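A short worksheet on the structure shown next.
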Amino acid sequence: MTRFLGSARGALAVVTLAAGAVGATALAVGSAASGPLTIEIRIHYSHYEPSMVTMPAGRPVTFVIRNDDPIDHEWIVGDAALHERHRTGTEPYHNSRPTEISIDALTTKRTTITFAAPTTLTYICHLPGHEAYGMVGTLVVAAP
C-alpha cells in the first residue's frame, strides 16, 4: 500500500510539472473544466480590482471579495432595474442573497453564484457616495 501511495505522489508531481510547463492560463482552463471556479475581487481605495470579470454561464463560481479598505462596502450584482431599487432602498446590510453582500472593513467574504444564461450585469457599492466615486464593475456571463 505504501508503494502505491508513493506512485500516486509521483504521478501527481508529473501532472503538476506538466501543467506548469503548459502555463497558468491552460491550468486555469483545465481547472475550470473539472471543478468549481474561483474569482477574486479586491476592494482598495473604494474601487473594485478587477473592475471587469467574465464567468461561464451554467457554472457555479465562488467570488472571494476582499475589502482592504478601513470602511465597509457592498458588492451587489444585477441589472439596471435592481441597481435603481438599491439606490433608493433602505436595506442597511446584505447577506441573504448570493448576489448581494456586505463586506465589513478589512474582511473577506465568499459567495457562490451560478447564472444560467449569458448576460452582462454590473456590480456596484450603493453606500452613500461610493457609486459616484467609481465603485462600479462589469460582470460578463459568457456562453460556456
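The residues neighbouring GLU49, those whose beta-carbon lies less than 12 Å from its own, together hold a net charge of -1 under the Lys/Arg +1, Asp/Glu -1 convention. Residues whose amide H lies under 5 Å from that of HIS126, counting only those 5 or more places away or on a different chain, are GLU74; hydrogens are built 1.01 Å from N in the peptide plane.
Between beta-carbons, use under 10 Å as the cut-off and find the net charge around VAL64, counting Lys and Arg +1, Asp and Glu -1. So the surrounding residues net to +3. Applying a DSSP loop filter and a limit of 16 other Cβ atoms within 10 Å to the chymotrypsin sites (Phe, Trp or Tyr not before Pro) in the range 76-144 leaves TYR93.
In nm, give the distance between the simple-model label positions of ASP79 and THR120, each being 7 Å from the Cα along the Cα-to-Cβ direction. It is 1.5 nm. Using the Karplus relation 6.51 cos²θ - 1.76 cosθ + 1.60 with θ = phi - 60°, the per-residue 3J(HN,Hα) values for the range 50-65 come to x, 8, 8, 10, 10, 9, x, 5, x, 10, x, 10, 9, 8, 10, 9 Hz, with x marking Gly and Pro. Under 1.5 on a/c is rounded, so check that first for the range 60-124, then, if it is not, pick prolate when a/b is larger than b/c and oblate when it is not; a ≥ b ≥ c are the square roots of the alpha carbon gyration tensor eigenvalues. Because a/c hits 1.5 or more and a/b fails to exceed b/c, the range 60-124 counts as oblate.
Given their separation in residues at 0.36 nm each and the Cα-Cα distance between them, ILE71 and ALA142 gain 22.3 nm when the chain is fully extended.
Quick note: the coordinates plus some simple rules give every number you see, no bench work behind them. The structure presented is a predicted model; accordingly, all values stated were derived computationally and were not measured. We place every Cβ from the backbone using ideal geometry, glycine too, and count neighbours over all the protein chains shown.
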